[in-house]
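Working notes, beginning with the structure itself.
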Amino acid sequence: MSHSESPEVPLNPEQAAAVFHEGGPLLVLAPAGSGKTRVVIERLLSLISRSGEGGERFFVATFTRKAAGELVERISRKIPGTRLPWVGTFHSLSARLLRRFSKEAGLSPDFTIFDSGDQKALVREIMKRHRITDEDLNPQDALRQIGRWKNARQRPGPDLSRRLFGTNRWFATCYEEYEKGLEASRALDYDDLLLRLVALLGGSPEVAGALREQFHHILVDEYQDTNPLQEELIRLLSRNRTNVTVVGDDDQSIYQFRGADIAHIRSFGEHYPGARRVLLSRNYRSTPTIVSAASAVIARNGKRYEKEVQAVRGTGVPVFMKELSSEEEEAEYVCHRVREWTKTGGRYGDSAVLFRTHAQAIPLEKAFSLAGIPFYRKGGGGFFEGREVKDLLAYLRVMANPFDRVSLSRILNVPARGLGEKAQETLRRLGEDLPGASAPEILERLALEQRRGGTLPDLAALLSEGISRAHGLELPRTLLEEVLLRTDYRGWVVQASHDPEERERRLEAVSELLRMTGEFSPAPGEDRTPLSAFLEDIALAQQEPGMADDGGRVALMTIHQSKGLEFDQVFVVGLEDQILPIRGKSPTDVEEERRLFYVAMTRARLRLHISWCQTRRMYGRTHSHPPSPFLRDIPRDLVEGDLPSAVRSDRETARAASRPWEIRRSGTAPSGASGFRPKASERTQAPPRVPVREESARREPERVRARRPEWIGRKVRHPRFGEGEVLDAFSPDPDLEVVIRFSDGASRTLLARVANLTILEG
């Protein structure tokens with residue numbers, strides 16, 4: 001817990017101004033480390049106390065479920081017995097309101113929320129009907145386009161298809177069938193939760209009026225990350241737009257790819273006239289050096305709220321910057337510094353390594369493994385992506401929602417019941433022919449058509465009993481134990497897993513899911529069945545970034561995943577142009593990349609390390625990008641170690657050219673820094689960053705990108721994309737790049753030596 005969040009420390013004047021603001025809309029600007037969490041909690045406590053009403057009258061939207069849980073726990077400790085049923089993420093609150101007003105929204109109260117795995121399964125089923133394989137099309141591409149259409153409120157149908165061509169036209173067809181699949185399964189996806197609620201409030205004055213009367217005040221955390229639907233929901237719920245408090249920081253808006261719109265926090269005063277603005281100007285997290293360096297970087301962005309932030313901590317060490325020859329050397333360097341940290345009393349869990357893209361994690365994982373340094377990698381679906389977890393959750397989903405066709409299809413032959421593709425096709429047809437039939441009813445019909453006794457009637461009986469018990473408020477653990485017993489799922493795992501390690505891992509996953517169901521307890525006054533509440537929590541949890549580890553391992557994660565976390569020591573790696581920043585089409589894209597770097601820097605409490613490479617291999621290609629332009633924004637008097645070439649003195653530049661492997665310093669290095677050197681075999685591999693004429697003979701020959709006209713016009717075949725014609729080609733060998741227009745009309749740039757091309761003519 002940071003100094004600012006300790007209940008023993010009095011609120012500073014800015015925090016007090018935000019907490020005790022009397023009336024009217026309020027914008028609290030909360031830079032990194034300024035005690036935001038405490039202000040949100042104290043503000044809500046103050047509102048509850050002044051209103052004289054219970055917590056049921058407050059709608060509080062947080063960015064993560066963890067933040068919501070922490071808020072509820074702290075307020076419950078201060079005001080025992082307080083109920084806060086409307087504290088949660090936008091998606092969880094929307095799901096709750098849709099169940100409450102399911103009749104008005106035209107939904108089943110027991111609707112299922114499809115997670116990303118369910119969504120992919122539904123798209124794959126549609127692709128199969130159209131004889132499209134994963135090699136032809138990535139299901140995730142279709143889902144991304146469907147999500148864009150949904151958030152733009154573009155409904156599927158013939159009008160959409162007629163306006164499109166090629167792959168996009170098929171996406172429109174997929175969208176139409178996807179929506180029908182959701183409807184048949186009585187399910188919603190994540191985007192639907194907000195879409196349906198906003199549509200309900202906008203189209204039903206009675207429901208909107210009832211909720212405006214209910215919610216005495218609306219409080220939104222991380223307001224800079226709201227998307228247009230979330231912002232519209234706030235407006236629909238607020239009474240005369242005066243009972244709103246929003247907390248956030250425009251400098252930490254980094255989720256544009258999810259639809260977040262920074263304009264919401266920038267234009268808050270326009271949409272909420274008379275709004276008061278309070279700036280929390282004290283940083284309790286980081287040293288003055290880190291705060292000054294991060295502030296200098298973010299100050300280069302335009303159209304932002306100006307902020308003067310002061311660090312409360314004592315003086316700290318300079319920011320250490322390091323240039324390496326390659327990503328392998330960079331990874332070894334990070335390992336070296338982590339070992340130094342632990343020798344001086346630091347813990348592994350106090351360090352984190354942050355990077356822009358997932359691909360950058362590979363050399364780091366290898367280096368940490370070889371060095372024997374414990375680490376964990378955040379990313380992917382993790383536990384919930386495991387086959388056994390998906391299988392068992394599918395059983396529970398059908399018990400909670402007997403019309404979930406996707407989950408029923410998954411468990412039809414799990415464990416193995418001797419049912420093949422023909423049975424799956426029959427199941428799909430029956431689902432279409434009998435839209436009002438429950439899972440047990442469909443299975444009974446399938447048994448008659450397949451002329452099978454035994455297995456299918458047994459599955460139908462298990463599900464029928466489970467559905468009855470789930471609606472009778474049976475706890476999830478009891479239902480899961482029944483599934484495991486009646487299907488002998490563990491025995492099937494043992495038989496199906498020939499590798500002992502795999503078998504152990506899968507059985508451990510089953511045990512972990514059992515533990516999770518056993519620990520789950522419904523909230524008091526819950527208006528859902530325990531099973532529905534458990535499954536909803538699981539589905540919504542998969543949408544959020546993972547949380548921090550228990551402290552025993554170094555964290556490796558993308559900068560996006562680090563949001564909301566803090567560490568004593570942080571390494572930000574890969575500070576090269578085209579990696580951080582990744583340059584988009586608009587100047588605002590670079591501004592978001594700058595905000596991303598600012599977020600990374602401000603995760604550090606005590607020590608901040610920044611590194612970049614002269615060459616880096618990613619996605620099968622070797623790149624040589626200059627240092628990130630963001631590095632030039634950090635004042636030199638705050639830095640030790642290497643400097644990017646653009647800000648070196650002439651003497652430093654000449655020395656860098658002649659002796660590229662040496663550490664070049666702008667000041668005195670921290671203890672132990674000079675002990676690291678690249679391997680002897682690597683010291684002369686990297687060309688100098690800035691060439692010097694008299695040293696040119698010592699450098700490796702540069703690789704020149706030149707056109708290869710002899711390739712243009714050739715007909716080729718690719719094993720996945722089919723036949724095509726080469727439109728353009730560039731050297732040097734062996735990394736020949738070819739631009740090919742394929743028969744589907746799409747042009748793709750491929751690396752010839754790995755593309756497995758067959759030359760047909762020319």
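Projecting the Cα positions of Thr37, Ser747, Pro524 onto the charge dipole of the chain (unit charges on Cβ atoms of Lys, Arg, Asp and Glu, taken about the Cα centre) puts Ser747 furthest along the positive direction. Distant-in-sequence amide contacts of Thr89, defined by a placed amide H-H separation under 5 Å and a gap of 5 or more residues or a different chain, comprise Thr62. Simple rule: put +1 on each Lys or Arg Cβ and -1 on each Asp or Glu Cβ in the chain, find the dipole, and look at Gly202, Gly713, Asn151; the Cα lying farthest toward the positive end is Gly713. With a Förster radius of 56 Å applied to the C-beta separation of Gln214 and His718, the computed FRET efficiency comes to 0.45. As a calculated quantity, the FRET efficiency between Leu485 and Asp527 at R0 = 35 Å, using C-beta atoms, amounts to about 0.70.
Here the dipole of region 200-271 is about 300 debye; that uses its Cα centre as origin and unit charges on the Cβ of Lys and Arg (positive) and Asp and Glu (negative). Computed over the alpha carbons of region 285-427, Rg followed by Dmax gives 24.9, 71 Å. Diagonalising the gyration tensor over the Cα atoms of region 75-154 and scaling each eigenvalue by 5 before taking the square root yields semi-axes of 37, 15, 12 Å, largest first. Within straight-line reach of Lys307, meaning a Cα separation under 18 Å, sit the following aspartates and glutamates at least 8 residues removed in sequence or on another chain: Glu14, Glu222, Asp249, Asp250, Asp251, Glu591, Glu592, Asp633. Put the Cα centre of region 102-122 next to the Cα centre of region 68-97 and the gap is 23 Å. Of the whole protein surface, Tyr376 contributes about 30 Å² of accessible area at a 1.4 Å probe radius. Stretching the chain fully between Asn151 and Leu514 yields a gain of 127.1 nm (0.36 nm per residue, less the alpha carbon separation). Between the listed residues Pro25, Leu575, Leu480, the Cα displaced farthest toward the positive end of the dipole of the chain, a dipole computed from Cβ unit charges relative to the Cα centre, is found at Leu575. For Leu236 and Glu710, what is the calculated FRET efficiency with R₀ set at 56 Å and r taken between the beta-carbons, to the nearest 0.05? For Leu236 and Glu710, the calculated efficiency is 0.35.
This model, with +1 at the C-beta of Lys and Arg and -1 at the C-beta of Asp and Glu, gives the chain a dipole about its Cα centre of some 1360 debye. Sequentially through region 262-268, phi angles give Karplus couplings (6.51, -1.76, 1.60; θ = phi - 60°) of 5, 4, 4, 6, 5, 10, 4 Hz, Gly and Pro residues having no value and appearing as x.
Pull out a ≥ b ≥ c, the square roots of the eigenvalues of the alpha-carbon gyration tensor of region 162-288, then state rounded if a/c is under 1.5, prolate if not and a/b is larger than b/c, and oblate in the remaining case. Judged from the Cα gyration tensor, region 162-288 comes out oblate (a/c at least 1.5, b/c at or above a/b). Net charge in the neighbourhood of Asn301 (other residues with Cβ under 13 Å of its Cβ; Lys, Arg +1, Asp, Glu -1) is -2.
Stretching the chain fully between Ser102 and Val317 yields a gain of 71.7 nm (0.36 nm per residue, less the alpha carbon separation).
What the phi angles of region 290-306 give under the Karplus curve with 6.51, -1.76 and 1.60, with θ = phi - 60°, is a coupling list of 5, 4, 5, 5, 5, 5, 5, 5, 6, 5, 6, 6, x, 6, 9, 5, 6 Hz, glycine and proline written as x. Taking amide H as placed 1.01 Å from N in the peptide plane, the amide H of Thr558 sits under 5 Å from that of Phe355, each at least 5 places away or on another chain.
Charge dipole of region 409-563 (Cα centre as origin; +1 on each Lys and Arg Cβ, -1 on each Asp and Glu Cβ, all else neutral): 400 debye, rounded to the nearest 20. Working from Cα pairs under 8 Å separated by at least six residues, relative contact order for the chain is 14 percent.
Name the lysines eligible as straight-distance cross-link partners of Lys322: C-alpha to C-alpha under 25 Å, and not fewer than 8 places from it in the same chain. The qualifying lysines are Lys343, Lys366, Lys378, Lys563, Lys679. Taking label points 7 Å from Cα along the Cα-to-Cβ direction, Asp159 and Ala184 give a separation of 2.6 nm. Placing dummy labels 7 Å off each Cα toward the beta-carbon, the span from Ser267 to Glu444 is 5.7 nm. In the neighborhood of Leu507, defined by Cβ-to-Cβ distances under 14 Å, what is the net charge if each Lys or Arg adds +1 and each Asp or Glu adds -1? Residues close to Leu507 contribute a combined charge of -3.
Full extension of the chain segment joining Leu473 with Leu507 gains 9.5 nm, where the gain is 0.36 nm per residue of separation less the Cα-Cα distance.
Lysine pair count for region 12-141 (Cα-Cα distance under 28 Å; residues 8 or more apart in sequence or on different chains): 5. Label-to-label distance, Ser731 versus Tyr305, with points set 7 angstrom from Cα along the beta-carbon direction: 5.8 nm.
The values are calculated or read from the model by the stated rules, or taken from the named source; none is laboratory data. On a predicted model such as this, the values are computed, not experimentally measured, just so you know. Glycine also receives a Cβ, built like all others from the backbone with ideal geometry; neighbour counts cover every protein chain displayed. The protein model used for the area step is the full one, side chains on, heavy atoms only, and it has no ligands, DNA or RNA in it. Shrake-Rupley method; radii C 1.70, N 1.55, O 1.52, S 1.80 Å.
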